[in-house]
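Trainee: Sharing a structure below in structure tokens format, with a few things to ask.
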């Protein structure tokens, strides 16, 4: 069975480099389900994108962190320091209610997992799987999911273009827009026709005009609604 837990960056990195081999927690309902031979997938806070997988080798139980540390460690200063550090995360009331557990773990080789959950170009999975030591998992989206991810991709590529203003990033943005056009059944002639109509009515952006504000004699709710859209803030 694979259990999922979150970890702050420091303990996560220490498990990764092999200097942390026991994870200490309250013995709550979630931890009671962990058995020797199970696996734990740790996700690194705050973004939870990087993950590591470990084997559960042993489980140590006690009523308090201090007693548990005395069973595992011999240095009194270390025991005191570790006990104090646990109370930064858990209260003594929680400790009394649940008891505590130490989960001895072993990092699985080749077990680093990086979670993307994003739309990628068609050849990306093939490129990943062709590299030694790398293997990806992906699925094919339905049209509703596809449009949702394309919309997110527009923002991603637009932000990358804003950062670099390079022709490559501009090309990436246009590639996403082309995919949306294909999905929606739009063709370039139709788009050009709409663009021409709007240009005739409102102009283009050629004159570099920057609108600072508009004074009105009475409140304009439509204008307020437009100005309050999230992407304008």
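Trainee: Residue under question is residue 77, and the condition is that it be modelled with pLDDT of 95 or more and either assigned by TED's automatic domain parsing to the domain that holds residue 96 or farther than 20 Å from residue 108 by Cβ (or both); does it hold?
Mentor: Spelling it out, it is not the case that residue 77 is modelled with pLDDT of 95 or more and either assigned by TED's automatic domain parsing to the domain that holds residue 96 or farther than 20 Å from residue 108 by Cβ (or both).
Trainee: Looking at (1) touching a helix residue (DSSP H, G or I) at 6+ places or on another chain (Cβ under 9 Å); (2) assigned to a loop (DSSP other than H, G, I, E, B); (3) at pLDDT 95 or above, find the lone condition where residue 35 falls short.
Mentor: Residue 35 satisfies all of (1) touching a helix residue (DSSP H, G or I) at 6+ places or on another chain (Cβ under 9 Å); (2) assigned to a loop (DSSP other than H, G, I, E, B); (3) at pLDDT 95 or above except (1).
Trainee: Of the conditions (1) surrounded by 12 or more Cβ atoms within 10 Å (Cβ to Cβ); (2) free of Cβ contacts under 8 Å to residues at least 12 places away in the same chain, residue 117 fails just one. Which one is it?
Mentor: Condition (1) is where residue 117 drops out.
Trainee: Condition first: touching a strand residue (DSSP E or B) at 6+ places or on another chain (Cβ under 7 Å) and free of Cβ contacts under 8 Å to residues at least 60 places away in the same chain. Now tell me which residues in region 2-32 satisfy that.
Mentor: Matches in region 2-32: 2, 3, 4, 5, 6, 7, 9, 12.
Trainee: Go through region 198-225 and give me each residue that's over 37 Å from the mean Cα position of the chain (by Cα) and within 28 Å of residue 147 (Cα to Cα).
Mentor: 198, 199, 204
Trainee: Test residue 231 against the stated conditions and say whether it is at pLDDT below 95, loosely packed, with under 10 Cβ neighbours inside 10 Å and more than 31 Å from the chain's Cα centre (by Cα).
Mentor: Considered against the rule, which asks whether it is at pLDDT below 95, loosely packed, with under 10 Cβ neighbours inside 10 Å and more than 31 Å from the chain's Cα centre (by Cα), residue 231 comes out as no.
Trainee: Could I ask something else about it? Show me the helices (runs of 4 or more DSSP H) found entirely inside region 84-197 where at least 2 residues are under 24 Å from the mean Cα position of the chain (by Cα).
Mentor: By residue number, 124-129, 143-164, 167-184.
Trainee: Name the single residue, out of those in region 40-61 being under 11 Å from residue 103 (Cα atoms) and surrounded by 15 or more Cβ atoms within 10 Å (Cβ to Cβ), that is farthest from the chain's Cα centre (by Cα).
Mentor: 60
Trainee: For region 179-192, indicate whether the set of residues that are at pLDDT 95 or above and within 22 Å of residue 115 (Cα to Cα) is non-empty.
Mentor: No, region 179-192 contains no residue that is at pLDDT 95 or above and within 22 Å of residue 115 (Cα to Cα).
Trainee: Then there is this: Can you pull out the residues in region 62-93 that are under 30 Å from residue 113 (Cβ atoms) and surrounded by 13 or more Cβ atoms within 10 Å (Cβ to Cβ)?
Mentor: Residues satisfying the conditions are 65, 68, 72, 82, 86, 90.
The values are calculated or read from the model by the stated rules, or taken from the named source; none is laboratory data. For clarity, every value in this text was computed on a predicted model and none was experimentally measured. Here the Cβ is made from the backbone with ideal geometry for all residues, glycine too, and neighbour counts use every protein chain on show.
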